[in-house]
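The next block holds one structure in the form of structure tokens; read it before the comments.
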Amino acid sequence: MHPRRLTRTLRTSTAGRSNAPVHVIVVGCGRVGSELATDLVAGGHTVAVVDKNTSAFRRLPAGFERTVTGIGFDRDTLIEAGVEEASAFAAVTSGDNSNILSVRVAREVFGIEKVVARIYDPRRALIYQRLGINTVATVTWTTQQVLRRLTPERSATDWTHPTGKLALIERALPPAWAGHSLAALDNGDGFRLVAVARGGEARLATPSLTGQDGDILHLAVAAGAGEVLEERLNAGPEHA
């Protein structure tokens, strides 16, 4: 999972205060945790990094100010990391159980609402999402990234709401739609074209937008409407 995706998740979670510096605790100083912490500091935030192995802190830039050796769900360790003044918390170790336990302690014991856990098991990630714990499912995200490059004719899910009722998907524009209006890709409450990536640039969808070869579509799709969307895309504009 790319650290910047986790950074975006934390920023989204702290919407409304995104312009103000906050204190963030990052549990896990592997490749993901170290880059995540570095990105957050570059964004003006204060960060404490927790890891059980002191040697892991070598991944951080020289002069990184706050590191704590310990376990991410240990209360004394978290207090030393500044959990009582923290506004956001990310657990990104290689262990699902440790990450979930850490964010639960952060939220339930210390009252931090903005928490994110890195989870490898996509089934467990979905369960915790529905319990209100933000998760980043590493395996699912990586699989989708590979699929969208191997099979661009298939839809790849970028995000799913915890209720499962809405998803954002990415889909290559079928060749038959090139040169035709994309207005038919609006099905009211079923699905809606949100944006199009074209030639390295992105633009919001408008009723007058016409498709071009190589377009990548970004669509919001309601639960149960995916098959209808695929049928419309595959049928071509003449049958939409």
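The values are calculated or read from the model by the stated rules, or taken from the named source; none is laboratory data. All figures in this text were calculated on a predicted structure; none of them were measured in a lab. Counting neighbours? That spans all protein chains shown, and the Cβs are built from the backbone with ideal geometry, glycine included.
Tally up the residues in the stretch 23-41 that are outside any helix (DSSP H, G or I) and under 15 Å from residue 94 (Cα atoms), please.
Selection size over the stretch 23-41: 5.
Within the stretch 75-84, is there a residue that is more than 11 Å from residue 25 (Cα to Cα), out of contact with any Cys (no Cβ under 8 Å at 6 or more places or on another chain) and not hydroxyl-bearing (Ser, Thr, Tyr)?
yes
Contact list please: Cβ distance under 7 Å, first residue in the stretch 24-36 and under 17 Å from residue 82 (Cα atoms) and of a type in the set (D, E, K, R), second residue modelled with pLDDT of 95 or more and assigned to a strand (DSSP E or B), pairs at least six apart or on different chains.
Listed pairs, sorted by first residue: none to list.
Could you run through the stretch 57-86 and say how many residues are over 11 Å from residue 110 (Cβ atoms), surrounded by fewer than 19 Cβ atoms within 10 Å (Cβ to Cβ) and of a type outside the set (Val, Ile, Thr)?
13
Look through 56, 62 and report the one residue that is assigned by TED's automatic domain parsing to the domain that holds residue 134, more than 19 Å from residue 22 (Cβ to Cβ) and part of a helix (DSSP H, G or I).
Unique residue meeting the criteria: 56.
When the stretch 6-48 is examined, which residues are found to be hydroxyl-bearing (Ser, Thr, Tyr) and either farther than 23 Å from residue 105 by Cα or at pLDDT 60 or above (or both)?
Of everything in the stretch 6-48, those that are hydroxyl-bearing (Ser, Thr, Tyr) and either farther than 23 Å from residue 105 by Cα or at pLDDT 60 or above (or both) turn out to be 18, 34, 38, 46.
Go through the stretch 223-240 and give me each residue that's within 18 Å of residue 175 (Cα to Cα) and either within 26 Å of the chain's Cα centre (by Cα) or aromatic (Phe, Trp, Tyr) (or both).
Listed by number, the residues that qualify are 229, 230.
Does residue 85 satisfy being under 14 Å from residue 49 (Cα atoms) and either over 16 Å from the mean Cα position of the chain (by Cα) or of a type outside the set (Gly, Ala, Ser) (or both)?
no
When residue 179 is evaluated against the numbered criteria (1) at pLDDT 90 or above; (2) surrounded by 15 or more Cβ atoms within 10 Å (Cβ to Cβ); (3) farther than 13 Å from residue 219 by Cβ; (4) not acidic (Asp, Glu), which criterion, by number, is the only one it fails?
(2)
Determine which member of the set 233, 193, 219 is modelled with pLDDT of 75 or more, surrounded by 19 or more Cβ atoms within 10 Å (Cβ to Cβ) and not in a strand (DSSP E or B).
Exactly one residue qualifies, and that residue is 233.
If you scan the stretch 206-222, which residues turn out to be over 22 Å from the mean Cα position of the chain (by Cα) and within 17 Å of residue 169 (Cβ to Cβ)?
Within the stretch 206-222, 211, 215 qualify.
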